[in-house]
Amino acid sequence: MQCRSCGIEIADRALICYKCGTATTEATHQPVATPSGPSSRLRSVVSVVLLVLLVALAIYTSRTSDGETSRFLAWAAVVLAVAMVALRAWTRRR
């Protein structure tokens with residue numbers, strides 16, 4: 001068999017040309033299109049808002065002197081971080 005791109009002789013059962021890398025057959029599966037619409041923009045906005053809240057809480061936590069308040073805000077920052085990671089993981093699975 002000859003490569004349809006460069007014309008070199010290749011094996012009959014070859015999947016690609018060893019010289020130029022061109023496939024010997026057409027692809028049977030097409031790649032999945034990534035969603036780009038209001039839903040992906042909304043997810044990006046939500047992620048940015050959560051990140052800004054997380055940074056604001058971290059800054060506020062470092063400035064307080066009361067142990068209980070800072071401990072509460074530290075836990076709130078952790079919860080926001082976990083929520084952001086869970087949201088990103090959930091959107092990537094869809």
Report the residue count in the stretch 21-48 for those that are outside any helix (DSSP H, G or I), surrounded by 10 or more Cβ atoms within 10 Å (Cβ to Cβ) and modelled with pLDDT of 70 or more.
-> 4
Please indicate, with yes or no, whether at least one residue in the stretch 9-18 is at pLDDT 90 or above, in contact with a Ser or Thr (Cβ under 8 Å, 6 or more places away or on another chain), of a type in the set (Val, Ile, Thr) and not in a strand (DSSP E or B).
-> yes
Consider Trp75 against the criteria (1) at pLDDT 75 or above; (2) of a type outside the set (Gly, Ala, Ser); (3) within 30 Å of Gly7 (Cα to Cα): it satisfies all of them except one. Which criterion is unmet?
-> (3)
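Scan the stretch 1-20 for residues that are of a type in the set (Lys, Arg) and either surrounded by 11 or more Cβ atoms within 10 Å (Cβ to Cβ) or in contact with a Cys (Cβ under 9 Å, 6 or more places away or on another chain) (or both) and jot them down. Break it down into steps so the answer makes sense when it comes.
Kept after step one, since they are of a type in the set (Lys, Arg), are these residues of the stretch 1-20: 4, 13, 19.
Of everything in the stretch 1-20, those that are of a type in the set (Lys, Arg) and either surrounded by 11 or more Cβ atoms within 10 Å (Cβ to Cβ) or in contact with a Cys (Cβ under 9 Å, 6 or more places away or on another chain) (or both) turn out to be Arg4, Lys19.
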What pairs come up if the first residue lies in the stretch 49-75 and is small (Gly, Ala, Ser) and surrounded by fewer than 12 Cβ atoms within 10 Å (Cβ to Cβ), the second is modelled with pLDDT under 65 and assigned to a helix (DSSP H, G or I), and their beta carbons are under 9 Å apart, counting only those six or more places apart or on different chains?
-> Ser62/Ser70
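The values are calculated or read from the model by the stated rules, or taken from the named source; none is laboratory data. Quick caveat: nothing in here was measured; it's all calculated off a predicted structure. Neighbour counts run over all protein chains shown; Cβ positions are idealised from the backbone, glycine included.
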